Structure formats: C-alpha cells, structure tokens
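Undergrad: Here it is, the structure in full.
Bear in mind that the values in this text are calculations on the coordinates, not laboratory data. All of these numbers come straight from a predicted model, not from anything done at the bench. Neighbour counts run over all protein chains shown; Cβ positions are idealised from the backbone, glycine included.
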Amino acid sequence: MTSSSPELLADEIHPASLDQDLLLKDCQIQNVRRSGPGGQHRNKVETGVVIKHVPTGVTAEASEKRQQGRNRSVALFRLRINLAIDCRLKHFGEAPSKLWQRRILNGTVKVNSEHDEFPALLAESLDVLTHFQFDPKEASLFLGCTSSQLIKFLKKEPRAFAWLNSKRQAAGMHALK
C-alpha cells in the first residue's frame, strides 16, 4: 500500500537509502493477524507486520511468513521500494552517488532486485529521471549507463516502470516498452 501522490522531499538523503535503524526511527510498526493459508498458527498469532513511514504516510506490509521477524524484514524491504517509487528528492548531487557508481560496470547496472541496495538505487534513478523530465537518454548520460540498461533496471520493479510511463504520457511523450 502506498500513498496516492509522490511526495517531494527537501532532505538530501532519500528515505529508501537510509539504513534500517535510521529508517525505523521515523516509522510506526503494527503487528496484525491475517487470514489465509498457514494453518492454525497464522490465525492465532499476530505474525503480520504493517510499517508506516510517518513523515510521508507511505506504508508496506507482509504476512506471508510464519515468523513475525521474517515478515518484518519483508515489510521493511517493501517499504523502502514504496518510498523509492512514491517520494522524490527536490535536489540531488552533481554526480551519481558512490553507491550508483559502484554498481555500474561498462554501462551496465549490476544489482539484483532483491538486494538491500536495490531500493536506494531505484530511488536515485527515479529522482534523476524526474530531474531530466522523464528522458531516459539524458538520465542515463548523467548516471553513467546506457538508456537501455536504465530501462532494463526499472523493469525489475514493474511499478517503477509503470510510474515512469505514466509520467511520460502525462507530459505528452510516448510510453516506453
């Protein structure tokens, strides 16, 4: 579950880039019961977790695991992805972050969509795309990768790719495939 409109953040660090402890300082965590498969244990114990980032109102939840701790980890990762998609920084650096630079090899973005660094990289790429008016060619020149690699990277999170296409269409541009 995410907020309905992107939030512009004045901060210099995107919340999706924060380490777990710093991010959780701004969050409310609620343990919940969820119905569905998993047997008797699932219906009697509050193993589901809902995390809300209070400054932005962005939320995420997980209840598919039997252990509350594992659901908390999954919900936190989902929250970071939702923050990456829903929140834009007003300003960013003169060059890509050291994290982004470390993940570029010969114009290729090297990261798995389940890696802990993925949400931070996703947030940075969407911030850069927003700055360059949703033009992947200009954004990729800034980021040091090819435009096809940037698009391939965004397709790892379908909601981010859909977000980009909706912004492009609203600006009168064709959707990317």
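Undergrad: Can you list residues whose amide H is under 5 Å from Arg88's amide H, if they're 5+ apart or on another chain and H is modeled 1.01 Å from N?
TA: Sorted by chain and number, the residues that satisfy this are Glu7, Leu8, Leu9.
Undergrad: Oh, and also: Using Cα-only point scatterers and the Debye equation, what is log10 of I(q)/I(0) for the chain at each q in 0.13, 0.17, 0.18, 0.20 Å⁻¹, rounded to two decimals?
TA: Taking Cα atoms of the chain as identical point scatterers yields -0.67, -1.03, -1.12, -1.30.
Undergrad: Set the Förster radius R0 to 45 Å, insert the Cβ-Cβ distance between Val54 and Ala162 as r into 1/(1 + (r/R0)^6), and round the FRET efficiency to 0.05. Walk me through the numbers before you get to the answer.
TA: Values: r = 26 Å, r/R0 = 0.58.
Here the calculated transfer efficiency is 0.95.
Undergrad: Using a Gaussian network for the chain with springs between C-alpha atoms less than 10 Å apart, which of these wobbles most: Glu124, Glu12, Glu61?
TA: Looking only at Glu124, Glu12, Glu61, the biggest GNM fluctuation is shown by Glu12.
Undergrad: When Lys and Arg each count +1 and Asp and Glu each count -1, what net charge do the other residues less than 9 Å away from Ala60, Cβ to Cβ, add up to? Each step should come with its number before you reach the end.
TA: Working: positive: Lys52, Arg78, Arg80; negative: Glu61.
Overall, the nearby charge balance is +2.
Undergrad: List, in the order given, every pair from Lys110/Lys155; Lys65/Lys110; Lys65/Lys177; Lys25/Lys152; Lys25/Lys167; Lys25/Lys90 whose Cα-Cα distance in the structure shown is over 25 Å.
TA: Numbers: Lys110/Lys155 14 Å; Lys65/Lys110 29 Å; Lys65/Lys177 34 Å; Lys25/Lys152 33 Å; Lys25/Lys167 31 Å; Lys25/Lys90 22 Å.
As for pairs spanning more than 25 Å Cα to Cα, those are Lys65/Lys110; Lys65/Lys177; Lys25/Lys152; Lys25/Lys167.
Undergrad: Sticking with this one: Normalised by the number of residues in the chain, what is the relative contact order in percent for Cα pairs under 8 Å and 6+ residues apart? It would help to have the intermediate numbers written out before the result.
TA: Numbers: 280 pairs, mean separation 35.2, N = 177.
Once divided by the residue count of the chain, the mean separation gives 20 percent.
Undergrad: Follow-up. Assuming R0 = 35 Å, can you tell me the calculated FRET efficiency for the pair Ser148 and Glu46, based on Cβ-Cβ distance, to the nearest 0.05? Display every interim value, and only then the final one.
TA: On the way: r = 45 Å, r/R0 = 1.29.
So, using R0 = 35 Å, E works out to roughly 0.20.
Undergrad: Can I ask one more? May I ask for the equivalent-ellipsoid semi-axes of region 122-177, computed as the square root of five times each C-alpha gyration tensor eigenvalue and listed largest first in whole Å? Kindly include the intermediate steps, with their values, before the conclusion.
TA: Values: eigenvalues 46, 32, 20 Å².
For region 122-177, the semi-axes come out at 15, 13, 10 Å.
Undergrad: Can you give the charge dipole size of region 98-170 about its Cα centre, rounded to the nearest 20 debye, using +1 on the beta carbon of Lys and Arg and -1 on the beta carbon of Asp and Glu?
TA: Details: 11 positive and 8 negative charges, 40 e Å.
With only Lys, Arg, Asp and Glu charged at Cβ, the dipole is about 200 debye.
Undergrad: Still on this model: Below 8 Å, C-alpha to C-alpha, sequence gap of six or more: please give me the relative contact order for region 98-170 in percent. Write down the numbers at each step before the final one.
TA: Values: 59 pairs, mean separation 22.3, N = 73.
Relative contact order of region 98-170: 31 percent.
Undergrad: Let me ask something else about it. Helix 158-170 versus the longest principal axis of the chain: what is the Cα-based angle in degrees, 0 to 90, to the nearest 10?
TA: That helix lies at roughly 50 degrees to the long axis.
Undergrad: Still on this structure, I have one more. Quick one: dipole size for the chain, taken about the Cα centre, charges +1 on Lys/Arg Cβ and -1 on Asp/Glu Cβ, in debye to the nearest 20.
TA: The dipole of the chain has a size of about 800 debye.
Undergrad: What's the angle, to the nearest 10 degrees (0 to 90), between helix 68-86's Cα axis and the longest principal axis of the chain?
TA: 30 degrees
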